[in-house]
Amino acid sequence: MKAGVSMKKIMQKLTAAMLTLACVPVTGMTAQALAHPPATWDMFDDAHLIKDDGYAQLYVKENANGINTIYYVTPRTNNIRLVFREDLDLNSAAEQAADVLETFFPGIKEGRNGPDTLGIHYNKGVYSDADYASFGQPWESDSTAFDLFVNDSYLESSERSAALEADILLALAQHGLISEFYGFGETAQYGHGYLHGDILQECFPYYQVDADKDDPDALHSGEQYWKEIPTDWDEVRAYLAEHYPDYTVEQYEKQYNGASGKTYTRYRINGIENLTLYEKVDLAEELRVKFHVTNGYPYSLKASEQSSTTGHNALEQPGDTNLDCEVDILDVIAANKHILGIGTLDKTGLKNADMDGNGTADSADSLAILKKALE
């Protein structure tokens, strides 16, 4: 007998082989470790990458109507997105998922908003306010996607993040609840705004930051509170003189709309007339980061934050047709039922069943799944 192979394991494999056509469930096989590739931003494939600092990316998309779009994209390193199976009742599935998450975050269900709404939201109140998790539908989603947000201070380290992610995935999958699972860093947070060619021609003399509501110097607009801080334009001039001697700063007065005759101060960067839109955005971002120079577009990003599932679905694993994070005889049975027309596979399960990649699940795929299960 080969070293390390137990009689129990051999009997499991023999039993699995004999029961393939009988469609009798067997259990007890070990879950496989799942590797997640780096997140990719597929939705920005038709945009131009201006900047990538190893964490966040800045894109510009030129549109035919002349209204160009800018995206600032960052991976959400403390967020897990899951998508429930379409054949499940959403409220019931969310409730079951919350029960599973309760084992990881005791008290997470205490913040439930209501028993009969799709906007289910949970808050973990067992730790301090700075150490919590929440679970609910993302505001921009009209599908069966839910987000689990875990505070950075709770995660502590990437090692802990990876272990927590793997355990949550396995627990939800083995309860038969999910069709898709995107781990930490596999979804993107992005904001978008609109640009024009003179992006550096009407810059503010100040920049804005979040301010406390009780700050008497803060500007109040609706529910947002801002505080204006002057930009040091002398530093901007000195920087341009050293690094971009062909560019200069000009201060000018722009008139208000209407016949009031009032004006307000603005700044422009001269000498950039021959730059492309991308080059202008690149320079604008450089000056924004170093000196907070802005004509307002970064704040439109802030006001329009959205999230997108752009990474890898961890449940896409060849052979795992029933999506329980194992490849065993149960997957062969599920594939055979689908092939015979007496059962259906979830969309991710169907993709996993197509072992040879020919676009359909057939007997050849079933055999390939069996071989994988017996490895």
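The values are calculated or read from the model by the stated rules, or taken from the named source; none is laboratory data. Here the structure is a predicted model, which means the values were calculated and not measured. Here the Cβ positions follow ideal geometry from the backbone for every residue, glycine too, while neighbour counts run over all protein chains shown. SASA here: full protein model, heavy atoms, side chains in, ligands and nucleic acids out. Shrake-Rupley method; radii C 1.70, N 1.55, O 1.52, S 1.80 Å.
List pairs: first in the stretch 142-153 and under 21 Å from ASP87 (Cα atoms), second open to solvent by 40 Å² or more (accessible area, probe 1.4 Å) and at pLDDT 85 or above, Cβ under 7 Å, 6+ apart or cross-chain?
THR144/GLU86
Quick check: is even one residue across the stretch 361-375 modelled with pLDDT of 90 or more, part of a loop (DSSP other than H, G, I, E, B) and within 25 Å of ASP167 (Cβ to Cβ)?
Scanning the stretch 361-375, I find no residue that is modelled with pLDDT of 90 or more, part of a loop (DSSP other than H, G, I, E, B) and within 25 Å of ASP167 (Cβ to Cβ), so the answer is no.
Here is a check on your reading of the model: is GLY319 modelled with pLDDT under 90 and assigned to a loop (DSSP other than H, G, I, E, B)?
So GLY319 fails the test.
Which one is least open to solvent (accessible area, probe 1.4 Å) among residues in the stretch 96-111 that are without any contact (Cβ under 8 Å) to a residue 24 or more places away in the chain and under 14 Å from GLY136 (Cα atoms)?
If we take residues in the stretch 96-111 being without any contact (Cβ under 8 Å) to a residue 24 or more places away in the chain and under 14 Å from GLY136 (Cα atoms), then GLY111 is least open to solvent (accessible area, probe 1.4 Å).
Of all residues being loosely packed, with under 11 Cβ neighbours inside 10 Å and within 17 Å of TYR206 (Cα to Cα) in the stretch 222-249, which is modelled with the lowest pLDDT? Just the residue, please.
It comes out as PRO230.
So TYR127 passes all but one of these: (1) modelled with pLDDT under 80; (2) surrounded by fewer than 15 Cβ atoms within 10 Å (Cβ to Cβ). Which condition number does it fail?
Going through (1) modelled with pLDDT under 80; (2) surrounded by fewer than 15 Cβ atoms within 10 Å (Cβ to Cβ) one by one, TYR127 breaks only (2).
Specify which of the listed residues (THR74, THR15) is part of a helix (DSSP H, G or I), open to solvent by less than 60 Å² (accessible area, probe 1.4 Å), β-branched (Val, Ile, Thr) and at pLDDT below 85.
Residue meeting the stated conditions: THR15.
Select from the stretch 77-90 the residues that are in contact with a Gly (Cβ under 7 Å, 6 or more places away or on another chain) and either among the aromatic types (Phe, Trp, Tyr) or surrounded by 22 or more Cβ atoms within 10 Å (Cβ to Cβ) (or both) and list them in ascending order.
Hit for the stretch 77-90 is ILE80, nothing else.
Open to solvent by less than 30 Å² (accessible area, probe 1.4 Å), farther than 19 Å from ASP87 by Cα and in a loop (DSSP other than H, G, I, E, B): which single residue out of VAL332, VAL327 fits that description?
That would be VAL327, the only listed residue that is open to solvent by less than 30 Å² (accessible area, probe 1.4 Å), farther than 19 Å from ASP87 by Cα and in a loop (DSSP other than H, G, I, E, B).
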